[in-house]
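Below is one structure; the comments refer to it alone.
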Amino acid sequence: MVLTLLLSAGAVAAESLDALSLKVYRGKDGQTLEVVALAPRESSEAVLQVRGADSEHDGLAVRCKARGTRGGVDYVARHRGADWVLASERESGVYDVFLPGKPAFRVRFNPEATERASASEVLTAHSLQRESGRIAAFEKKAWPHLEKKYTARAAEALTALRGACGTTATFTFDWKTFSDEVMADVDVWAACAPLLTQARARCAALKDVTALTCRFGPALALDRSGSTLVFTTHREGAADGAAFLGRSLGR
């Protein structure tokens, strides 16, 4: 039976995932690999979820591409901006699993676990992790030099803000929301800077605010989550962010 999962409206991109089959594999030390083959079969795609591996990536449900090799098949995901072989089958019913930062381990097909497992649960996990940004954090490459540069500029602006308004609020970038494409061709600090500059001109807007966050999205937005003020910038944030925030903070 084909199982269908519709991603919610908050997902990064509207899509549906159809499960053709689910198989569960177990390792000798309690590791579990669940492989959900996706429709259409010609896409050669699957969602793989690994658990019990004592890894920071435990529970991550990653969309992979199956690529045939001379010896079998590799399931290739995206990690740190490059292809990553997450699992490799060299004999029927046996996979070698490669989690970043952990030694490889072997798992074998387990019919009992397969009978008890749910493809919809794996696909739901994938959907929620896509929405939360956990998968994006796994897939995107590291940008240490740019992040360091932007963080330094933000620190200078935050010092000016604290001096002007007497606030002790912190500032952070929600890095997982800035894709590799955005990091490569957008000045992230310029797109986020209006949050601090406009707040500095409107100190009253910072009442009871303990944290400021800048994230990236499809459109400008300003939201309050508890004591955190969240600014969603976009590609043109450097140009139109100030006017937007001036109106929003001035309410």
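Would you mind telling me which numbered condition in (1) buried (at least 20 other Cβ atoms within 10 Å of the Cβ); (2) not β-branched (Val, Ile, Thr); (3) not in a strand (DSSP E or B) GLU56 fails? If we test GLU56 against (1) buried (at least 20 other Cβ atoms within 10 Å of the Cβ); (2) not β-branched (Val, Ile, Thr); (3) not in a strand (DSSP E or B), just (1) comes out false.
Is at least one residue of region 155-171 in contact with a Cys (Cβ under 7 Å, 6 or more places away or on another chain) and more than 22 Å from ARG134 (Cα to Cα)? Yes - at least one qualifying residue is present in region 155-171. Of all the residues in region 139-182, those that are of a type in the set (A, V, I, L, M) and in a strand (DSSP E or B) number 0.
Residue-wise test of (1) closer than 18 Å to TRP84 by Cα; (2) not in a strand (DSSP E or B).
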| residue | (1), (2) |
| --- | --- |
| PRO100 | yes, yes |
| PRO103 | yes, yes |
| ARG108 | no, no |
| THR114 | no, yes |
| SER120 | no, yes |
| THR124 | no, yes |
| GLN129 | no, yes |
| ALA137 | yes, yes |
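Against the definition (in contact with a helix residue (DSSP H, G or I) (Cβ under 8 Å, 6 or more places away or on another chain), open to solvent by 60 Å² or more (accessible area, probe 1.4 Å), modelled with pLDDT of 95 or more and assigned by the TED database to the domain that holds PHE109), how does ARG26 come out, yes or no? Yes: the conditions hold for ARG26. One residue stands out among those in region 176-186 that are out of contact with any strand residue (DSSP E or B) (no Cβ under 7 Å at 6 or more places or on another chain) and crowded, with 19+ Cβ neighbours inside 10 Å: the one that is farthest from LYS148 (Cα to Cα), which is VAL186. Cβ separations smaller than 9 Å between residues 6+ apart or across chains give the following pairs from region 144-166 residues that are under 20 Å from ARG215 (Cα atoms) to residues that are assigned to a helix (DSSP H, G or I) and of a type in the set (Lys, Arg): ALA157/ARG200; LEU161/ARG200. Can you find even one residue in region 73-88 that is free of Cβ contacts under 8 Å to residues at least 24 places away in the same chain and over 30 Å from GLU181 (Cβ atoms)? No, region 73-88 has no match at all. For region 211-236, the set of residues classified as small (Gly, Ala, Ser), surrounded by 13 or more Cβ atoms within 10 Å (Cβ to Cβ) and either modelled with pLDDT of 95 or more or under 17 Å from THR151 (Cα atoms) (or both) consists of ALA211, ALA221, listed by residue number. Under the condition of being assigned to a strand (DSSP E or B) and of a type in the set (D, E, K, R), which residue from region 32-53 is most open to solvent (accessible area, probe 1.4 Å)? Only one residue tops the list, namely ARG51.
Yes/no per residue for (1) open to solvent by 40 Å² or more (accessible area, probe 1.4 Å); (2) touching a Lys or Arg at 6+ places or on another chain (Cβ under 8 Å); (3) at pLDDT 95 or above:
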{"site": "ASP174", "(1), (2), (3)": "no, yes, no"}
{"site": "VAL188", "(1), (2), (3)": "no, no, yes"}
{"site": "PRO194", "(1), (2), (3)": "no, no, yes"}
{"site": "GLN198", "(1), (2), (3)": "no, no, yes"}
{"site": "ASP208", "(1), (2), (3)": "yes, no, no"}
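The values are calculated or read from the model by the stated rules, or taken from the named source; none is laboratory data. Values in this document were obtained by computation on a predicted structure and should not be read as measured data. Ideal geometry is used to build each Cβ from the backbone, glycine not excepted, and the neighbour counts take in all protein chains shown. Ligands, DNA and RNA are stripped out before the accessible areas are found, and what is left, the full protein with its side chains, is counted by its heavy atoms. Shrake-Rupley method; radii C 1.70, N 1.55, O 1.52, S 1.80 Å.
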